[in-house]
Amino acid sequence: MFYEELKQELELLKQQKDFSAALKLIEQELQMPYVPHEFEQYLINLKQEITSEMMSEQTRNQKQYDVKELIKMLNDEQDLASQALAIKALEHINVRPILTEIEHYLMNAIMPDENKTLILFILNAQQINQSVKMQKTNGFYTLNPMELQINQFNQNFDQVVLMIENAIGNENPSISQIACSSALIFMLINFPAPNQIAANNLAAAMIKQAHEFLGLELNYPELKTMINFDQAMVEIILGGTNEQN
């Protein structure tokens, strides 16, 4: 009786396209100590069907842009949402024919520094092995995307996230999430500046900034109880992010 009722509930959720709820129930049941073999196979097959249908829905809902439209969206200085969509779309096309237009974006001082870094990551992923010019708040660059230290960037960010989570993750997960997101933006904005900021100083600065963002007071002695840091460096980091924001 239980399995028949569960089957009816799952089929109804599938019909209503409430895929998240259906998958949650499927996973819960598959983790049970005992599930009849026939019903277990039904759950596995249904999970595959739902996953496949979710992917199809996502594909149908993705707007396809031609190259000219992408370039227009990318260079819309007033519409950051369009820029974000265009940058995401660049991941799925060959960017070599439009490198001149991309470099124009990278050289536009008005465009967000973090977006420029995301584009550099795309050029690196597509193995663009030629020099490009870029203007950022922290300086002018001529660089080869293939020579960028993307893995090092990811490792540094993971280290900062770990320090933030160890400091406040258990007690304040929402503040921790804000601090991690702020750290990523800070690193994207400043990449590929040669001067490396110690992970503990960046983590401390983002924890303090996250508290301030939520209207919470956190003084330096209190912050010291959470994480070890250089106060002078934290003040420099916060000063820099405030100026760029």
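Here the contact order of the chain, divided by its residue count and restricted to Cα pairs under 8 Å and six or more residues apart, works out to 11 percent.
Distance between the C-alpha centres of segment 165-236 and segment 98-149: 27 Å, rounded to the whole angstrom.
Charges were assigned to the Cβ only: +1 to each Lys and Arg, -1 to each Asp and Glu. The resulting dipole of segment 150-238 about its Cα centre is roughly 140 debye. Once you have a ≥ b ≥ c as the square roots of the Cα gyration tensor eigenvalues for segment 76-147, tell me rounded if a/c is under 1.5, and otherwise prolate or oblate according to whether a/b is larger than b/c. Oblate. Largest first and in whole Å, the equivalent-ellipsoid semi-axes of the chain read 40, 30, 16, each the square root of five times a Cα gyration tensor eigenvalue. Residue order by solvent-accessible surface for Met54, Met134, Met32 is Met32, Met54, Met134, largest first, with ligands and nucleic acids left out and a 1.4 Å probe.
Loop-located GluC sites (Glu not before Pro) in segment 189-223 (DSSP state other than H, G, I, E, B) with a sparse environment of at most 15 neighbouring Cβ atoms within 10 Å: Glu217. Straight-line reach from Lys208: taking Cα to Cα under 19 Å and skipping same-chain neighbours fewer than 8 places apart, the lysines in range are Lys224. The magnitude of the dipole of segment 76-147, with charges of +1 and -1 set on the Cβ of Lys/Arg and Asp/Glu and taken from the Cα centre, is near 200 debye.
Taking a straight Cα-Cα cut-off under 16 Å and skipping sequence neighbours fewer than 8 places away in the same chain, the lysines within cross-link reach of Lys17 are Lys7, Lys47.
Result for the chain in a Gaussian network model with C-alpha springs under 10 Å: among Glu53, Glu38, Glu171, the largest mean-square fluctuation is at Glu38.
The values are calculated or read from the model by the stated rules, or taken from the named source; none is laboratory data. On a predicted model such as this, the values are computed, not experimentally measured, just so you know. Using ideal geometry, Cβ is built from the backbone for each residue, glycine included, and neighbour counts are taken over all protein chains shown. All accessible areas refer to the heavy atoms of the entire protein, side chains included, with ligands and DNA or RNA removed. Shrake-Rupley method; radii C 1.70, N 1.55, O 1.52, S 1.80 Å.
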